[in-house]
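The structure appears below as structure tokens.
What follows draws every value from the coordinates through simple rules; no lab data is involved. Nothing here was measured: the structure is a model prediction, and the numbers come from that model. A quick note on method: Cβ atoms are made from the backbone with ideal geometry, for glycine too, and the neighbour counts reach across all protein chains shown.
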Amino acid sequence: MAAGIIVIITVSDTCYKNPTNDTSGPTLVELVKSLFPQSTIQTTIIPDERKIIEDKLKEYCMKNADLIITTGGTGFSNRDVTPEATRAVIEKEAPAISVALTIESLKKTPMAMVSRSVSGICDKTLIINFPGSKKAVIECFEVVKPILHHAIEIIKNDTKKVKSVHDSMQGHVCPHKISSVDVTKVALRPRESPYPMLEMTEAFNIVDSVMKKWVGTVQQVNIENGLGYVVAESLYAKEPMPPFPASIKDDVTKVALRPRESPYPMLEMSEAFNIVDSVMRKWVGTVQQVNIEDGLGYVVAESLYAKEPMPPFPASIKDGYACISSDGAGVRRVRAAVTAGDSFDLPLQSGECARINTGAPLPPGADCVVQVEDTKLISATPDNETELEVEILTAPKPQQDVRPIGFDITLGDPLVTEGAVLDAALLGVLAGAGYQNVRVRTRPVVAILSTGNELQDPSEVTLKPAHIRDSNQTMLKALLKEQGYTSVCMGVARDEAGALRASVAAALRTADVLVCTGGVSMGEKDLLKPVLTQDFDATLHFGRVRMKPGKPSTFASCQFEGKTKYIFALPGNPVSAYVCCLLFVIRALRVCEHRNAEFPRMRVRLTKQFPLDPRPEYVRAVLKFTDDMPSAEVLGNQCSSRLLSACGASVLLEMPPADKDLRCLAAGTVVPAIITGRMDLN
């Protein structure tokens, strides 16, 4: 629908006296904006006085408003007179709208029986009464939303758009109305498009409506292959987690001699990031050649340049006629047709034109294209299969609707520069330029190792006593894949020095970067740090970070079989592993590719108050886009063992540490957010 005027009238004695009490009016404004983004929305608040309501409705009808929605005054009280005022103004009643509102509202509450909404038409204006509550306004708008565009177009007598909707309801756009003759009868083709021009909102609504009819099926996938799929059934916990009370781990030799305080200094996040960057820059990668179909997400190792201009010939931008601009307007002899992929050797002469399709090369001598809509058929062969003469209605200009040689890409232009990340568009550019392979920077091979005597394989149906299933390998493998990196799972290592040593050695033979979970805190079986330092002579670059979750996070490197290896030993709690993998491991892999290591950040507004921890905290949240600034909704209990708090997370909120003056952030506080996931999945 073209931009018009839409009016929201709040009818309420209370809101008239104090406009801040009006919640239904502003709610309607937002709903209307989403459906009619190009329209002018006007609002007003008036008391429950019939004469005032009538006068205000007539005033906006005289201003040619397309739609008036009233909210309030539809009940049984003596002051509820909106329906009576509406009936006095409308010329035609639209009872089906009121009936639909009542039927749908009754599904929500029996109280809908005490609402007396009226709907109707005054001249060119549709008027609909809504109840006065915010909840009712939202529900009622959803009822009428599918018909508002069409109803207004009917009232305004917009026949093209009305016909389009009617045709689409039949499942087609009436191609038989476009031409009832053979498509080879070129001379009979229409000079104007028979398809109505839709607004984007209308096109979106049609796509949504049609595609909702697609009937999919349900398939079962292994969870390792399930990343990005939509779940077809709800799943519920089969056991509590953890399935046993937390307790001190088993005894080990010389337990009494373990340190009571961590020997590792507590680093700030900025210090830890700087160390990761400095160490990982020393990783020496190589260059490999990949087919462009496999290149998505890789970093280009060399700049590539255009081997020919694009387009390689003057190309038509539109369907129409290639002409000589100096001929001006007037009748032309149609000499030939040029379609995409055709060549044309003989130059055009003055007074001639050639029928041409979008993307086709201009024939020699032509310097412009006149679109079909700006021409008129003068004569054709008796069978209408060939046009003989057309009239050019408007004098064309040189190069009109022509893409000259090299318009998109000039010979020798850089197509992709060294260090660029290959995305879909760049791959398309390279394919169009004739490149089938591209040299890219190699990525480190990543291995994932879980540790813990309590862990069992996720495929085991029955939990063993005092055990839990290992979720970290599946989660981290998917998280790395989500960020564009592949990895190898190395299984579970027991909390015994010999078993740990063997598992770590096997992983280091396989990978450049090892990501371990568990065994890095202060428990009796947390042996990973001493195994790394004593058995692999590893350098621990840090062993504690001032953060929540993830304080015991450890980063180390060592020489193994003549190569430098890098180890990230993360806490075993799933959320800690999740957060630390994003903040440290992904950062390290990006540094190896010489990419920007930082995730993008934005400022968001908290929807609820949040208590602060003495450490800076990385809180999992989803974003809601309802205002000028996105709002962040924290995903439930943020305990580091509760992986549900990361499900669907699109950001990590960077919460400051608490101090004596600040213990809690109030709702509405603006905080920085690290964008770590897709924001369109919620």
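Of note:
- Pairs from 477/563; 282/548; 33/134; 307/397 whose Cα-Cα separation, in the structure shown, is over 26 Å: 282/548; 307/397
- Prolate/oblate/rounded call for segment 601-675, Cα gyration tensor, a/c under 1.5 rounded: oblate
- Rounded tilt (10° steps) of 24-35 against the dominant C-alpha axis of the chain: 80 degrees
- Note on residue 18 and residue 207: with the Förster distance fixed at 35 Å, the Cβ-Cβ geometry gives a FRET efficiency of about 0.20.
- Phi angles across segment 603-619 convert, under the Karplus curve 6.51 cos²θ - 1.76 cosθ + 1.60 with θ = phi - 60°, into 3J(HN,Hα) values of 9, 9, 10, 5, 7, 9, 5, 9, x, 9, 9, x, 9, x, 10, 10, 9 Hz, Gly and Pro given as x.
- For the chain: rounded, prolate or oblate by the Cα gyration tensor [a/c cutoff 1.5]: oblate
- Per-pair calculated FRET efficiency, R0 = 51 Å: residue 349 and residue 628 via Cβ, rounded to 0.05: 0.25
- Helix 95-106 vs. the chain, principal-axis angle (Cα, 0 to 90°, nearest 10): 20 degrees
- Amide H to amide H, with H built 1.01 Å from N, residue 545 comes under 5 Å of 267, 553, counting only residues 5 or more places away or on other chains.
- Other residues with beta-carbon under 15 Å from the beta-carbon of residue 349 carry, at +1 per Lys or Arg and -1 per Asp or Glu, a net charge of -2.
- Among beta bridges from DSSP that stay inside segment 315-403, the antiparallel ones total about 80%.
- Table column - 3J(HN,Hα) (Hz), segment 206-216, Karplus curve with 6.51, -1.76, 1.60, x for Gly and Pro: 5, 4, 4, 4, 5, 6, 5, 7, 5, 9, x
- Relative contact order, percent, the chain [alpha-carbon distance under 8 Å, six or more residues apart]: 9 percent
- Under a 5 Å amide H cut-off, with hydrogens placed 1.01 Å from N, residue 305 pairs with 415 among residues at least 5 apart or on other chains.
- Segment 480-517 versus segment 531-556: alpha-carbon centroid distance in Å: 15 Å
- Residue ranges 493-499, 284-290, 464-470, 528-534 sort as 528-534, 493-499, 464-470, 284-290 when ordered by packing (mean number of other C-beta atoms within 10 Å per residue, highest first).
- Backbone HN-Hα couplings from phi across segment 381-389 [Karplus 6.51/-1.76/1.60, Hz, Gly and Pro as x]: 5, x, 8, 6, 8, 9, 7, 9, 9
- From its DSSP helices (H runs of at least four residues, each -39,500 (n - 2.57)), the chain gives a residue-normalised ellipticity at 222 nm of -7000 deg cm²/dmol.
- Cα shape, segment 464-575, gyration tensor, a/c 1.5 rule: rounded
- Computed lengthening from residue 44 to residue 62, 0.36 nm per intervening residue step minus Cα-Cα distance: 4.9 nm
- Cα-based helix-to-principal-axis angle, 159-169 vs the chain, degrees rounded to 10: 50 degrees
- Efficiency of FRET between residue 307 and residue 192 - r from beta-carbon atoms, R0 56 angstrom, step 0.05: 0.85
- Ranked packing of 542-548, 476-482, most packed first, by mean Cβ within 10 Å: 542-548, 476-482
- Zone of residue 270's modelled label, taken as backbone nitrogen in segment 533-548 under 20 Å from a point 7 Å along Cα→Cβ: 542-548
- For segment 19-111, applying the loop criterion from DSSP together with a ceiling of 12 other beta carbons within 10 Å to the GluC sites (Glu not before Pro) yields 91.
- Gain upon complete extension [residue 33, residue 288; 0.36 nm per residue less C-alpha separation]: 86.7 nm
- In this structure, the pairs whose alpha-carbon distance is over 25 Å, taken from 107/212; 63/156; 17/92; 156/213; 58/92, are 17/92; 156/213.
- For residue 614, neighbours were defined as the other residues whose beta-carbon sits under 13 Å from its Cβ, and their charges (Lys and Arg +1, Asp and Glu -1) total +3.
- Protection proxy ranking for 410-423, 316-329, using the average of other Cβ atoms within 10 Å per residue and placing the highest first: 316-329, 410-423.
- Within the straight-line cut-off of under 16 Å between alpha carbons, the aspartates and glutamates reachable from residue 464 are 239, 454, sequence neighbours fewer than 8 places apart in one chain being disregarded.
- Among beta bridges that DSSP assigns inside the chain, antiparallel share in %, nearest 5: 60 percent
- Between residue 595 and residue 123, the contour length at 0.36 nm per residue exceeds the alpha carbon distance by 163.7 nm.
- For residue 360, distant residues with modelled amide H under 5 Å away: 316, 340
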